[in-house]
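Structure first, commentary second.
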Amino acid sequence: MILLLDTHTLLWSMSNNPNLSQRAAVAVSDSRNQCFVSVISIWEVAVKFRSGRLPEAAPLVHDPKRILSTLNFKTLPLELEHARFAGSLVNPHKDPFDRMLAAQAILEGLTLVSKDAVFDTMLVTRLW
């Protein structure tokens, strides 16, 4: 399976947080699955860290390449088509980070690992 981790899934995977569902934890830790982290999630973490809302994310903000490599997660870049599609999604959900993750998951055929059921209304294949 090829997975795209939502931002909270990334953070909870890093810290073995019990909020991560058993199903998500098993999928993320299964070496047969490829796990991707969008550059959008790194942007979201940096914004929230700078505002004081995610102090525990300091290692990820300061050296995301090392942290993702250590976790064996791959980076998903932002492409022009992702941006266009995210902006054109017809959905009442306004969060730009979530809209971009939805667009990337749909266009790249990835399963989004997220607790947020809002993605179910956006044609995203979601695992939780």
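Read-outs: derived from the displayed coordinates by stated rules, not from any lab. Just so it is clear, the model here is predicted, and its values are computed rather than measured. Using ideal geometry, Cβ is built from the backbone for each residue, glycine included, and neighbour counts are taken over all protein chains shown.
Points to keep in mind about this one:
- For the chain: Kirkwood Rh in Å [reciprocal of mean 1/r, alpha carbons]: 14.7
- Residue order, fewest to most surrounding Cβ atoms within 10 angstrom, among His93, His82, His8, His62: His62, His93, His8, His82
- Count Lys and Arg as plus one, Asp and Glu as minus one, and take only other residues whose Cβ is under 14 Å from that of Leu101; the net charge is then -4.
- With at most 14 other Cβ atoms within 10 Å, longest stretch of the chain clear of loop trypsin sites (Lys or Arg not before Pro) (DSSP): 54-93
- Only Cα pairs under 8 Å and 6+ residues apart enter the sum, and on that basis the relative contact order of the chain stands at 30 percent.
- Separation of the stretch 19-75 from the stretch 85-118 is 17 Å, based on Cα centroids.
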